[in-house]
Amino acid sequence: NADLKQQLESSSTLISRYKKEWKRKAAEMREVVYLILGYRVDFLPSGSVRFTSMYAADADQNFVFTSGDANEGIMSLSGGGSKSFLKGLSNDIRYWVQEQGSIPGFMAHITMHSFEERQK
């Protein structure tokens, strides 16, 4: 019985260490993605994923990706933006996502556009 108790304590300690290391590595990965790709990635309790660009005009301006019915992807913008930004965004979504079928291309385009706007 004491042997079993010792194994249980040892397993609990090991699991705790794994959780701490996983949390540290996940935070490190988030920081690397932010520094290299320019997007802060947040996993939301709803299962959605929020991407916030380091070049966004407002800190609350971000894209939220959700998996809908039949595993269809849903992308939404939160935080809004100027009318010209939103109009351009509509055209960009049509071109990059609908015509080219490339969400990575769309995100890269938004990064470059936002970067250039910040340089003005």
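The values are calculated or read from the model by the stated rules, or taken from the named source; none is laboratory data. The model shown is predicted, which means the values in this text are computed figures rather than measured ones. Glycine gets a Cβ as well: all are built from the backbone with ideal geometry, and neighbour counts include every protein chain shown. For accessibility, only protein heavy atoms count, side chains too; no ligands or nucleic acids. Shrake-Rupley method; radii C 1.70, N 1.55, O 1.52, S 1.80 Å.
Quick notes on this one:
- Taking 0.36 nm per residue of sequence separation and removing the Cα-Cα distance, the Ile93/Ser12 pair yields an extension gain of 24.4 nm.
- Of the accessible area of the stretch 32-120, computed with a 1.4 Å probe over protein heavy atoms only, carbon and sulfur atoms account for 56 percent.
- By the Cα gyration tensor, the stretch 18-71 has an equivalent ellipsoid whose semi-axes, rounded to whole angstrom, run 20, 19, 9 from largest to smallest.
- Reachable lysines from Lys120, criterion Cα separation under 23 angstrom, eight or more residues apart if same chain: Lys83, Lys87
- Looking at the stretch 8-70, none of the trypsin sites (Lys or Arg not before Pro) sits in a DSSP loop with at most 11 other Cβ atoms within 10 Å of its own Cβ.
- Of every Cα-Cα pair in the chain, the percent that sits beyond 17 Å: 66 percent
- Average accessible area per residue (Å²) across the chain - probe 1.4 Å, nucleic acids and ligands excluded: 75 Å²
- Helix-derived mean residue ellipticity, 222 nm - over the chain, DSSP H n ≥ 4, -39500 (n - 2.57), to 500: -18000 deg cm²/dmol
- Sparsely packed loop sites in the stretch 16-120 (the GluC sites (Glu not before Pro) outside DSSP H, G, I, E and B with at most 16 other Cβ atoms within 10 Å) comprise Glu72.
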